[in-house]
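Step one of this worksheet: look at the structure below.
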Amino acid sequence: MSVDAKQVRHVAKLARIAMSDAEVEALVPELNNILGWVEQLAEVDTDGVEPLTAVIDLPLRLRDDVVNDGNVRDAVLKNAPDAQHGFFAVPKVIE
């Protein structure tokens, strides 16, 4: 599979990217090179190979997912221009 300038312009239009003719012409061989690598990877025999998330098998170190308020309400409200009853106070926006 190869990409031509017309296809690059079409993709750029779909992505709403303005490209000059020089940029389009420079991008054509780059995209063709990338597609060549993808085609080369498609030729590799992967039968019997388990999918990997990483090359090194490391377990994820996760912390316990505990919900808390952080106990920093007063420190946070110090930054507020106006705080009332432990909450941010904002002007009324109803007309």
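Spelling out what I want: for every residue of the stretch 23-39, take phi, set θ = phi - 60°, compute 6.51 cos²θ - 1.76 cosθ + 1.60 (Karplus), and round to whole Hz; glycine and proline get x.
5, 5, 5, 6, 7, 4, x, 5, 5, 5, 5, 4, 5, x, 5, 5, 5
What residues have an amide H closer than 5 Å to that of A83, excluding those fewer than 5 places away on the same chain, when H is modeled at 1.01 Å from N in the peptide plane?
Result for A83 returns A89.
If amide H atoms are built 1.01 Å from N in the plane of the peptide, which residues on other chains or at least 5 residues away come under 5 Å of the amide H of V3?
Long-range HN contacts for V3: N32.
Working from Cα positions, state the angle (0 to 90°, nearest 10) between the long axis of helix 5-14 and the longest principal axis of the chain.
20 degrees
Straight-line reach from K78: which lysines fall under 27 Å, measuring Cα to Cα and dropping same-chain residues less than 8 apart?
Correct list for K78: K92.
Taken together, the values in this text are just the output of simple stated rules run on the coordinates, not laboratory data. Just so we're clear, the structure is a prediction, and the values are computed from it rather than from any experiment.
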